[in-house]
Amino acid sequence: MKMKIIEVSSDTNIGGAGKCLLTLLKNFDYDKFDVKVILPKNSLLKPHIEELNVPVIEADGIADKSLDKGAIGELKQIFKEEKPDLVHTHASMSARIAARAAGAKIVYTRHSVFPPSKKISKGIGKAINGAVNNYLADGIIAVAEAAKENLTDTGVSDKKITVILNGVDGLTPASALKKEKIKHDFGVKSGEKVIAIIARLNEVKGHEYFIDAADTLLKDGIKAKFFIAGTGDREEILKAKIKELGREKEIIMTGFITNVDELLNITDVQVNASFGTEATSLALLEGMSLGVPAVVSDFGGNPGVIKDGENGFVVPKQNAAAIAEKIKELLSDKKLYGRLSAGSREIFEKTFTAEAMTRQTEDLYIKTIKGGN
């Protein structure tokens, strides 16, 4: 008999957690698992999930929030009717409370990494947070070692935590002819290198340091286009900074783009400059699948993805000079670049495929349902 799983996401937009959920749904062994998904009404995830022929149940009160007292009763009723063997939540405390009340096994995923508040990492606050989260989970997935540390620092038992690194479906390499067309479409001239940062435009993602590094490299005579792909609350601030530097032609903000695969296919070096929240960047993984080396900050899950000197470089966070130095080193040494490019593909295939992530998640489901956690 198939094991009945309900995935719960509170996301109305498609962020990193939503992409991970979609990857799982694309790769589950449906001979073993019967899967349904609970979403808030009008979630952008819904059509993508329905394309996979996975049933969607819409619920009130869970949109973009972890806890809503009004949603608990509705979710509890859904779980009692559906009778799942296991509920896997992605940032929904309401669903965890409801699942426990309905008697289902519970797994939840910690998708983010950020310094925990002192309120829940010290004294009585830590004890209460740990007790609540330990009670409301039979198993916990941390998407990076740094995410596991966040959890244990706030009182969560390490015995409940399994580190399962994010995985993605590798991107398809474009032909040489296709790459030339993509470069033309993005305004990249012959002989110019492409450096990209793909992340939401929030302060802690470090775009200012990327811009400063780009300015340094351009002053050093590096011929390149620097792309900032994403949207967020720092958009106007970043545009103003680029304008102040007089770099509008070389540092290009693309906004939200659906053709990230095309940008990555022409990218020579990818950058991640996060300093406040970062687990396992899916953009880094997609770039690695194409052999794109990266220069990343030493924050959060970045060092778990980029191995210094193997598939890129890890530099101190909030350090534009270090980012510029390592990009220049990569672009100036063909032998080094070739070695790190090959390392990117090798590490991706060994560790970060969608297949690897999904099979490990399925194993945790089975272990939890059978009482191993």
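Only the coordinates and a few stated rules stand behind these numbers; no lab work does. Please read these numbers as outputs of a predicted model, since none were measured by experiment. With ideal geometry, Cβ positions are generated from the backbone for all residues, glycine too; neighbour counts draw on all protein chains shown.
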A chain fully extended from Asp298 to Ala101 at 0.36 nm per residue, minus the present Cα-Cα distance, gains in nm 66.8 nm
Taking the chain as the reference, fit the longest principal axis to its C-alpha atoms, fit the long axis of helix 176-186 to the helix C-alpha atoms, and give the angle between the two in degrees, 0 to 90, nearest 10.
90
For Cα pairs less than 8 Å apart in space and 6+ apart in sequence, what is the mean separation divided by the residue count of segment 288-328, i.e. the relative contact order in percent?
37
I need Val314, Val37 ordered by Cβ neighbour count within 10 Å, fewest first.
Val314, Val37
Let me make sure I get this right: for segment 176-351, a, b and c are the square roots of the gyration tensor eigenvalues over alpha carbons, sorted descending. Under 1.5 in a/c it's rounded, otherwise prolate if a/b > b/c, else oblate. Which is it?
rounded
Using a basic spin-label model with each label point 7 Å from the Cα along Cα→Cβ, how many nm lie between Lys334 and Lys350?
2.7
Rounded, prolate or oblate (a/c below 1.5 giving rounded, otherwise prolate when a/b exceeds b/c) for the chain by Cα gyration tensor
prolate
13 Å Cα-Cα reach of Lys160 towards aspartates and glutamates, excluding residues that sit fewer than 8 places from it in its own chain:
Asp138, Glu149
Compute the helix-to-body angle for 235-245: its Cα long axis versus the longest principal axis of the chain, expressed 0 to 90° and rounded to tens.
20
So if we plug the beta-carbon distance of Lys69 and Lys370 into 1/(1 + (r/R0)^6) with R0 = 30 Å, what FRET efficiency do we get, rounded to 0.05?
0.40
Most exposed first, judged by fewest Cβ atoms within 10 angstrom, Asp333, Asp34 run Asp333, Asp34
Shape call, segment 285-337: gyration tensor on alpha carbons, a/c limit 1.5:
oblate
Testing the spin-label approximation: label points 7 Å from Cα along Cα→Cβ at Asp185 and Glu236. State their distance in nm.
3.1
Looking only at segment 60-86, which residues have a backbone nitrogen under 15 Å from a spot 7 Å from the Cα of Lys2 in the C-beta direction?
82-86
Listed residues Asn265, Asn150, Asn319; largest mean-square fluctuation, Gaussian network over the chain with Cα springs below 10 Å, found at Asn319
Virtual spin-label span in nm between Ala342 and Ala127, 7 Å along Cα→Cβ:
5.7
Out-of-range pairs (alpha-carbon distance over 27 Å; input Lys189/Lys317; Lys26/Lys370; Lys148/Lys193; Lys36/Lys350; Lys243/Lys307):
Lys189/Lys317; Lys148/Lys193; Lys36/Lys350; Lys243/Lys307
On a 0 to 90 degree scale, rounded to 10, what angle separates helix 207-219 from the longest Cα axis of the chain?
20
Hydrodynamic radius (Kirkwood) for segment 1-58, which is based on Cα pairs only, to one decimal in Å:
11.4
Going by C-beta contacts inside 10 Å, put Phe33, Phe226 in order with the fewest on the left.
Phe33, Phe226
Mean separation of Cα contacts under 8 Å, 6 or more apart, over the residue count of the chain: relative contact order %:
15
Where GluC sites (Glu not before Pro) fall in DSSP loop in segment 292-373, at most 13 other Cβ within 10 Å
none
